[in-house]
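Structure record follows, encoded as structure tokens.
What follows is calculated from the coordinates using simple rules that are stated; it is not laboratory data. Please read all numbers here as calculations on a predicted model, not as lab measurements. Using ideal geometry, Cβ is built from the backbone for each residue, glycine included, and neighbour counts are taken over all protein chains shown.
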Amino acid sequence: MSTETRKLDRVVIRFAGDSGDGMQLTGDRFTSEAAAFGNDLATQPNFPAEIRAPQGTLPGVSSFQLHFADYDILTPGDRPDVLVAMNPAALKANVGELPDGGILIVNTDEFSKRNLTKVGYDSNPLEDDSLEKFQVHKIAMATLTIGALEETGLGKKDAERAKNMFALGLLSWMYHRPTEGTERFLREKFAKKPDIAEANVLAFRAGWNYGETTEAFAVTYEVAPAKLNVGTYRQITGNTATAYGIVAAAQLSKLPVVLGTYPITPASDILHELSKHKNFDITTVQAEDEIAGIGIALGASYGGAIGVTSTSGPGIALKSETIGLGVMTELPLLVIDVQRGGPSTGLPTKTEQADLLQAMFGRNGESPVPIVAPQSPSDCFDAVVDATRIALQYRTPVLFLSDGAIANGSEPWMIPDVETLPDLTVEFATDPENFQPYSRDPETLARPWAVPGTPGLQHRIGGLEKQDVTGNISYDPENHDKMVRLRQAKIDGIEVPDVVVDDPDGNAKVLVVGWGSSYGPIGAAARRVRKLGLPVAHAHLRHLNPFPKNLGDVLKSYEKVIVPEMNLGQLALLLRAKYLVDVQSYTKVQGLPFKAEELQDVLADVIKGVSA
Amino acid sequence: MTAIDIGLPGLTGVPTTDEKQSARDYKSDQEVRWCPGCGDYIVLNTMQSFLPSLGLKRENIVFVSGIGCSSRFPYYMNTYGMHSIHGRAPAIATGLAVARPDLSVWVVTGDGDALSIGGNHLIHTLRRNVNLKILLFNNRIYGLTKGQYSPTSEPGKVTKSTPIGSVDHPFNPVSLALGAEASFVGRALDSDKAGLTSVLRQAAEHRGSALVEIYQNCPIFNDGAFDVLKDADEAQRRIINVVDGEPIRFGREGEYCVVREGFGLAVAKSADVDASEIVVHDASDLNLSFALSRLSTQDLTHTVTGVFRRADRATYDDGVRAQVSEAKNAKAADLSKLLHGKDTWTVVG
């Protein structure tokens, strides 16, 4: 029997296993193979907060979903076309999302009575008829891996651990993926343990050969490279792109960066990445707590560096007081919040967009700060450069609202030509003639950045209310009123680009407005409803404070505005309050991104309602 | 700005000036608004008189404070200054010190600011040994909030928040600092200008974190807390001023001395012991420093002043700067190369 090859335009694969099974690594490698092949792609890791939850249990399931295609895609995919389940828990947790007719590849070795009971299977699903609507491939992956590694002399336990590479090899064969990159990667990763490196390579090849030589698989699939814009690409996660954006901002402003931070999921990778790039004049300080982290950043800004802090969830609450000091002292400060499910400790590894109102209002007093939100993993780069521009130019803390989906998700990124990146240089005050610490630039309303060490500019700043111009302590009622309004006016006047509306049909009556990581699912849903003949316009906000100047007119030019958010309607609240537009809110807080399919239904209903 | 070695390791890198300075140069144009009779005035005057002797450029000196009466200090100094938020001054100053090796950075804090709300930052700053000089004004009371007990108040203290007496056990700030691995710890009395100046000078010369506890009288909410140390006769019996390398004797004509007792120290009459039994202060000996800190009691039966500990230890800010500088020397800052990484692919038209 010869194997048939079918051409597909897109495929979604989900690798699922125990959190010790190496599913994230497997997914990462398949992603690199897809990238190297030239597909467009988007990924979504999903893992428990526990490092090693009890083995074989539902809470211990870790998965990695990858969507790759021969055209530009916007999301990691709603449902898998192919599910690889390494144990009963992974099967049980994920099979509900596999559509009828989907491909299910199961590692049968883990389906012992004990493991089945552990997750509540009364009978073995591989033996009853519960999986008959799927194309099931039962493969004893652990046994086959151990067999393939027999001659390496590696112990059974070590050999068995390479079974994820067996799965990767098999899938690589099924989808005609290039393999050199993975073999090279394994040899580099395990360079210090060459026997483990070889074992993984052997397991990877065994998986490939299993597909090639057994007749279990009648069909293989090809997904051609995508026709992306001309340029050089790489794969990048949101946290890496954020870190690179900060490195770029340092270069573009010719200033050193001091990152003061405290480890917290899912923001820690920004610290890890930046700590590697000291050669760009970047200092990273792992502080004793969240408060010290931002304090160190603000102290560095006072000294003329770009102070940056990074956090998530409850960490942003701890930083509020220092953000307020940054507002009062009018110093540049970049605050990265990789949002996760809340309140409190909440869902550390899951995504949410529920910190918007805290970013906007979560400080004592009238304490306005600009808010910038990236819309995808690669967009973090441009967005953080822009956030730094605002911080430096307007001397203000800036809140950067990424989220868990963006932080860990990845996609191809067209690497920018560094010559085209904006100039972020600003001038320090140097002239003692008529120097006043709280005089203002007439255009930006920014006060001078007068750093210690500058002769003749000695002055004192602090958290007490400042007298206009002189910066001396002032309790004068009129002055306080004036200063509150000045600080607000400075933020309100920040220059941000107009919001661009995507309305290819040009006759939409319904506008969908989103912000942050919902860009992918909203964009994909909009494409789907347009294909059904239902016009819809999509506007996506990078700037949440201040809003783009044209936003009010845009909102008012549609009959209906719908705002999907992974919170209980925070942007909707702001839009209603500011523009008196009766926006409709669609909300979900499950710790997972929206699915294009569900938003398609939501949009279609609204559009049909308006047309009717 | 050039790095100048002026022979004081704590100030290496801070530019100096030949211009003659006076205390007046360090007074800002702001009206000092502490209560009449506050010990803070004496500390401020002592600092303003002391700084000219360092010969530093004024613009390279920064005072960072937290919140509390003493934290108004920076407003009155004609240097750079930041009056920050409660308890966080050591963190903010750490960021500044890391970013700027050419600054002499001083932190002004109080017993509530440093030991209560800011306790975490204080111990970690001392542990890291950031090149900061921390002046802890200890008046054993919350003054700015109008008279509640503080983490250094004595048990049983009756205040507005403890009408039948506090049940809190106090910190011994010097013991705390030594436990936090501080490389320099000193103590002085606000009223002892010479003693305070001497400790301040040694702190400034020290490279690394220096904690200086200053017993400071609050005339409004805790008046007379240190009066027994200010009475000439009492002071003779109570104050044990230590000097590195010298036998620890105090009182009129060295009437008293410090001797070893068990794992700690005790006070003896010099006449009763052999001279060889008198402990010689060694500021590099942590165990001795700690034992001296325990000799100081909350009730001020004995109070050790001077420099308890001074030890050479790598500083945090020098360390991180060295890593950055080595990285810069080893690898060019090529942004385009960084952005490209290892795995790229090119789409052609």
Exercise for the section: Report, ordered by chain and residue number, the lysines lying within cross-link reach of B:Lys230, taken as a straight Cα distance under 23 Å and ignoring same-chain residues fewer than 8 apart. Expected result: B:Lys157, B:Lys193, B:Lys269
Handout entry: Cα-projected label distance for A:Thr232 with B:Ala194, points at 7 Å along beta-carbon direction, nm
Key = 7.2 nm
Handout entry: chain A - percent relative contact order, Cα under 8 Å, separation 6 or more
Key = 12 percent
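Show me A:85-93, A:262-270, B:107-115 ranked by packing, highest mean number of other Cβ atoms within 10 Å first.
Listed from highest to lowest mean packing, they are B:107-115, A:85-93, A:262-270.
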Practice task
Distance check, please: which entries in A:Lys254/B:Lys328; A:Lys163/B:Lys342; A:Lys118/A:Lys138; A:Lys556/A:Lys608 exceed 22 angstrom between their Cα atoms?
Solution key: A:Lys163/B:Lys342
Problem - Gyration tensor (alpha-carbon) shape descriptor, the range A:329-405, a/c threshold 1.5 - result: oblate
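What Kirkwood hydrodynamic radius do you get for the range A:225-316 when you take the inverse of the mean 1/r over all pairs of distinct Cα atoms, in Å?
Numbers: mean 1/r = 0.0721 Å⁻¹.
Taking every pair of different Cα atoms in the range A:225-316, averaging 1/r and inverting gives 13.9 Å.
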Practice task
Can you find, among B:Leu292, A:Pro452, B:Tyr26, the residue farthest towards the positive end of the dipole of the protein assembly as shown? Put +1 on the C-beta of Lys and Arg, -1 on that of Asp and Glu.
Solution key: B:Tyr26
Exercise for the section: Compute from the Cα atoms of the range A:535-612 the Rg and the Dmax, the latter being the longest Cα-Cα distance, and quote both in angstrom. Expected result: 12.8, 36
Handout entry: Fraction in percent of alpha-carbon pairs per bin - 10 Å, the range A:141-216
Key = 22, 54, 23, 1
Handout entry: Within 10 Å of each Cβ in A:284-290, the average number of Cβ atoms from other chains
Key = 5
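With the Cα gyration tensor of the protein assembly as shown in hand, convert its eigenvalues to equivalent ellipsoid semi-axes via √(5λ) and list them largest first in whole Å.
Numbers: eigenvalues 711, 240, 124 Å².
Over the Cα atoms of the protein assembly as shown, the semi-axes work out to 60, 35, 25 Å.
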Completion exercise
Note, the range B:334-349: 3J(HN,Hα) by Karplus (6.51, -1.76, 1.60, θ = phi - 60°), whole Hz, Gly/Pro = x, goes 9, 4, 4, 5, 4, 5, 6, x, 8, 10, 10, 9, 10, 9, 10, x
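Let me know the volume per residue of the alpha-carbon convex hull for chain B, in Å³. List each step's numbers first, then the result.
Values: hull volume 72.3 nm³, N = 349.
Value for chain B: 207 Å³ per residue.
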Completion exercise
Per its Cα gyration tensor (rounded if a/c is under 1.5, else prolate when a/b beats b/c, else oblate), the range B:190-241 is best filed as oblate
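What number, in nm² with one decimal, is the all-direction average of the projected area of the convex hull of the alpha-carbon atoms of the range A:424-543?
Values: hull surface 46.1 nm².
The number I arrive at for the range A:424-543 is 11.5 nm².
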Handout entry: Spherically averaged projected area of the range A:569-612 from its Cα convex hull (nm²)
Key = 3.7 nm²
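Mean separation of Cα pairs under 8 Å and 6+ residues apart, divided by the residue count of the range A:460-612: what relative contact order is that in percent? If you can, show how the numbers build up before the last one.
Working: 226 pairs, mean separation 36.0, N = 153.
Relative contact order, the range A:460-612: 24 percent.
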Completion exercise
The ³J(HN,Hα) series, computed from each phi in the range A:156-173 with the Karplus coefficients 6.51, -1.76 and 1.60 at θ = phi - 60°, rounded to the nearest Hz and given as x for glycine or proline, is 4, 5, 5, 4, 4, 5, 8, 5, 5, 6, 4, 4, 5, x, 4, 5, 5, 5
Exercise for the section: Check the straight Cα-Cα distances from A:Lys7 and name the lysines below 20 Å, setting aside those fewer than 8 residues away within the same chain. Expected result: A:Lys227
Fill in the blank from the handout: Mean other chain Cβ within 10 Å across A:459-471 is 4
Handout entry: Placed amide H near B:Asn241: partners under 5 Å, 5+ positions off or other chain
Key = B:Thr305
Problem - Cα-based Rg / Dmax (Å) for the range B:41-83 - result: 10.3, 30
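Sort the following peptides by mean Cβ neighbour count (other Cβ atoms within 10 Å, averaged over residues), highest first: A:277-288, B:243-254, B:48-59. Working shown, then result.
Working: A:277-288: 22.0, B:243-254: 14.7, B:48-59: 18.7.
Averaged packing, sorted descending, gives the order A:277-288, B:48-59, B:243-254.
Rounding to the nearest 20 debye, state how big the charge dipole of the protein assembly as shown is about its Cα centre with +1 on each Lys and Arg Cβ and -1 on each Asp and Glu Cβ. Don't skip to the end; give the middle numbers.
Details: 93 positive and 117 negative charges, 86 e Å.
It comes to approximately 420 debye.
Under the classification rounded if a/c is under 1.5, otherwise prolate if a/b is larger than b/c and oblate if not, where does the range B:1-101 fall, given a ≥ b ≥ c as square roots of the Cα gyration tensor eigenvalues? Walk me through the numbers before you get to the answer.
On the way: a/c = 2.34, a/b = 1.29, b/c = 1.82.
Oblate, since a/c reaches 1.5 and b/c is not below a/b.
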Fill in the blank from the handout: For peptide A:301-311, the mean count of other chain Cβ atoms within 10 Å per residue Cβ is 4
Handout entry: For the range B:161-260: span of alpha carbons on each principal axis (Å, largest first)
Key = 46, 35, 30
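How much of the DSSP bridge set in chain A is antiparallel, in percent, rounded to the nearest 5? Each step should come with its number before you reach the end.
Details: 28 of 79 bridges.
Given both bridge residues lie in chain A, the antiparallel proportion sits at roughly 35 percent.
I need the per residue convex hull volume for the range A:21-159, using only the alpha carbons, in cubic angstrom as a whole number.
Details: hull volume 18.3 nm³, N = 139.
Each residue corresponds to 131 Å³ of Cα convex hull volume.
What ranking, highest mean first, results for peptides B:123-132, A:110-119, A:295-304, B:21-30 when packing means the other Cβ atoms within 10 Å averaged over each residue?
My ranking of the peptides, most packed first, is A:295-304, B:123-132, A:110-119, B:21-30.
Given a cut-off of under 8 Å on Cα pairs at least six residues apart, what relative contact order in percent is computed for chain B?
Details: 736 pairs, mean separation 51.3, N = 349.
Here the relative contact order equals 15 percent.
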Fill in the blank from the handout: Partner lysines whose C-alpha sits under 17 Å from that of B:Lys160, ignoring same-chain residues fewer than 8 away, are B:Lys146
Practice task
Let me know the charge dipole size of the range B:117-263 about its Cα centre in debye, to the nearest 20, where only the beta-carbon of Lys, Arg (+1) and Asp, Glu (-1) is charged.
Solution key: 500 debye
Practice task
Taking the Cα centre of chain B as origin, sum charge times position over the Cβ atoms of Lys and Arg (+1) and Asp and Glu (-1), and report the length of that vector in debye to the nearest 20.
Solution key: 1000 debye
Exercise for the section: Restricting things to alpha carbons, tell me how big the range A:351-503 is in terms of Rg and Dmax, in Å. Expected result: 18.5, 56
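Can you give the Rg to Rh ratio of the range B:213-349, both from alpha-carbon atoms, with Rh computed by the Kirkwood formula?
Details: Rg = 27.3 Å, Rh = 19.4 Å.
Result for the range B:213-349 is an Rg/Rh of 1.41.
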